[in-house]
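Structure, as structure tokens:
Derivation of every value follows stated rules applied to the coordinates shown; laboratory data play no part. Predicted model only: the values in this text are computed from it and were never measured. Note: ideal-geometry Cβ built from the backbone for every residue, glycine included; neighbour counts use all protein chains shown.
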Amino acid sequence: MTAVLIAVLILVLAAATAVAASIRILREYERAIVFRLGRLLGRKGPGLIILIPGIDRMVRMDLRTITFDIPPQDIITRDNVPAKVNAVAYYRVIDPVRAVNEVERFRAATSQIAQTTLRSVLGKADLDTLLSGREHLNETLQEIIDEQTEPWGIKVTTVEIRDVGIPRDMQRAMARQAEAERERRAKIIAAEGEFQASQRLFDAAEVMSANPASLQLRYLQTLLEISNENSSTIIFPLPIDLLKPLVQLGEAMESRAETDGDAAAPSSPPPELHEAPETPALSSPDRETELATPTPRSS
């Protein structure tokens, strides 16, 4: 009797183990690729799946989007600048059957394709494009990688360049270039401001010249602003009209002085002095002859 109970217990345990091995429960985002004696039966799931123990084999596939980091790649840009670039890629399995049958370890294969494509595409771009045109490069990378993984049932949705490392010397050169560009913009903006201010001052001068009262009001407003600064400056307002007689008097005195100076000047130049005619000098032979001739004596 004891032997029978032990045998029944063993059969029950074997049956429970077989049932447990034949029943699989798949989540909503999972699919099962079933092989029976090595032949593909297809995909199943989600939900409850019953397999034949010892005959059926199941490969569980995850259909969610998978994120993986592309390892840093050493590249040389088209303008011969060394750089180290890493990126991140997003993909998902859209055909579990092809992902199992067409490629071995589709995750490693997708990673290798992403690394080689990253080196080849970024090596054809300039450094400026690599730094400022990342959107276009991301789209190019995504299209090329997705085209190569499509036969495997893998859909690459996004590829993003995450970091670009360049040498320190190049970073300093770029910093100097950016600083010079900022200084150029600052000078242009300052010159443009001065030009606009000069135009406004010219317009204001035209308006004030048409109405002298506005100039007086502006003068009083300036005095009010100076007085509000709590400074020790003493200002004596002096109307410009009081200075006009002094200016006119100075001009009259200058014109009178010029008139008196012209009247005192001589009307005709002084007569020229007549020089005496010069006596022609005797040449040296004639002078010797004259000295040698004796003077006659008187008797």
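Let a ≥ b ≥ c be the square roots of the eigenvalues of the Cα gyration tensor of region 66-166; is it rounded (a/c under 1.5), or, if not, prolate (a/b larger than b/c) or oblate? Intermediate results must be reported in sequence, preceding the final value.
Working: a/c = 2.52, a/b = 2.27, b/c = 1.11.
Prolate, because a/c is 1.5 or more and a/b exceeds b/c.
Estimated at 0.36 nm per residue, the fully extended path between residue 252 and residue 19 surpasses their Cα-Cα distance by 70.9 nm. Which of the three applies to region 13-62, rounded, prolate or oblate, going by the alpha-carbon gyration tensor with a ≥ b ≥ c and a/c under 1.5 meaning rounded? It is oblate, given that a/c is not under 1.5 and a/b is not larger than b/c.
Under a straight-distance cross-link criterion of Cα-Cα below 25 Å, which lysines are reachable from residue 244, leaving out those fewer than 8 residues away in the same chain? Residue 244 reaches no qualifying lysines. In units of the rule-of-thumb radius 2.2 N^0.38 Å, region 171-212 shows an alpha carbon radius of gyration of 2.01. Taking the Cα centre of region 66-166 as origin and assigning +1 to Lys and Arg Cβ atoms and -1 to Asp and Glu Cβ atoms, the resulting dipole is close to 260 debye.
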